[in-house]
Structures are given as C-alpha cells and as structure tokens.
Amino acid sequence: MKIKIQSAACALIARVVLGCWFVFSGGMKIFGSGIDRFTRDISNYKLVGPPLDAVAAYTVPWFEIVAGLCLMLGILRRGAILTIAGLVVVFAFCIGWAWGHELDISCGCHGGGASIHYWGKAAEFTGYFILLGWLWRVESRNNGITDSLAA
C-alpha cells in the first residue's frame, strides 16, 4: 500500500510540473513573444506555408495550455496525457525535419531567438516520452483499481 501512495504522490508531482511547463510554453508563445513571432518560427521549418502556418500558430499554444491545465488539475488526465504526447510527437517530427534538412533556425518553443540544439532537443523529447509513458501506466493502473472498486 505504501508503494501505491508513493507512486500516486510522484505522479501528482510529475503531472503538476509537466502541466505547468506546457502552460508556460503555450503562454510564452501567445503572450510572451506573440503569435506573429511564433508564426514566423513555424514557417521557418518549411513544412507548411501560409495559411497553415498561422493556423498552427494560433491553435498549438492553446492545446498546450488546456492540456497542461487539465494535467495539473487532474481533469481528464488520460486525455491530457494523450494530447501532450501527441504534441510532443509533432514537435519531435518538426525538430527531426529541421535537423535532417540542417536548418539553423529557432525552434519557437518559448519565443526565444536561439538556434535549436538538436541533441538537447532529442534528450528533452526522450524525457517527455519516458515521463508520459510512466504517467499513462500509473493512470491506467489507478483507473483499473477505481473500476474494480466501483463494480
């Protein structure tokens, strides 16, 4: 029983920290550097052109904020984990694309103008996937316990 409580406490801390990080990231894109800057950052990847770059710039930060808030507050946790995992997959694909095409651009992550450090981003995404996979496993186990208690 003690291990389950420790696991739940660790999961809560991880959810709050990860949720805060994604709320911060989305907020910086909207309120920090601005949507215009983020639109330019997206267009620098040369994956999509206008108007799809603007559509992505106007929607991605809000997905980050909403999913981060849900994760922090414990609302629709599994959906928030899947949403953030989906965002990380898209981000990893875009970074991989830029890396493969040897683009010297800003990633657009937090509104800064610094060039992408590709190996650092690879490590960051690996960390996200490990953490999200662990959170999914904890949530799945907790859901199974909750479901069996309800029956």
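The values are calculated or read from the model by the stated rules, or taken from the named source; none is laboratory data. All of these numbers come straight from a predicted model, not from anything done at the bench. Positions of Cβ are backbone-derived with ideal geometry, glycine not excepted, and every protein chain shown enters the neighbour counts.
Tabulated data
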read-out: Candidate set: region 103-114, residues that are of a type in the set (G, A, S) and surrounded by 17 or more Cβ atoms within 10 Å (Cβ to Cβ); chosen: the one nearest to the chain's Cα centre (by Cα); value: G108
read-out: Unique residue being touching a His at 6+ places or on another chain (Cβ under 8 Å), of a type in the set (G, A, S) and modelled with pLDDT under 95 when the list is G74, G49, G32; value: G32
read-out: Residue within region 25-35 that is over 28 Å from L135 (Cα atoms), over 19 Å from the mean Cα position of the chain (by Cα) and in a helix (DSSP H, G or I) present; value: no
read-out: Cβ pairs under 7 Å, 6+ apart, first in region 61-75 and more than 13 Å from L12 (Cβ to Cβ), second buried (at least 22 other Cβ atoms within 10 Å of the Cβ) and among the β-branched types (V, I, T); value: A67/I84
read-out: Lone qualifier among G79, G127, G113 - being closer than 19 Å to F24 by Cβ, out of contact with any Pro (no Cβ under 7 Å at 6 or more places or on another chain) and not in a loop (DSSP other than H, G, I, E, B); value: G127
read-out: Subset of region 91-102 that is without any contact (Cβ under 8 Å) to a residue 24 or more places away in the chain and in a helix (DSSP H, G or I) - its residue that is surrounded by the fewest Cβ atoms within 10 Å (Cβ to Cβ); value: G100
read-out: Qualifying residues in region 48-64 (those that are over 13 Å from I35 (Cβ atoms) and among the hydrophobic types (A, V, I, L, M, F, W, C)) - the one nearest to the chain's Cα centre (by Cα); value: F63
read-out: Test: D41 is among the acidic types (D, E), assigned to a helix (DSSP H, G or I) and in contact (Cβ under 8 Å) with a residue 24 or more places away in the chain; value: yes
read-out: Checklist (1) more than 23 Å from S140 (Cβ to Cβ); (2) modelled with pLDDT of 95 or more applied to H110, failing item; value: (2)
read-out: Hits in region 123-135 - residues which are without any contact (Cβ under 8 Å) to a residue 12 or more places away in the chain and surrounded by 14 or more Cβ atoms within 10 Å (Cβ to Cβ); value: E124
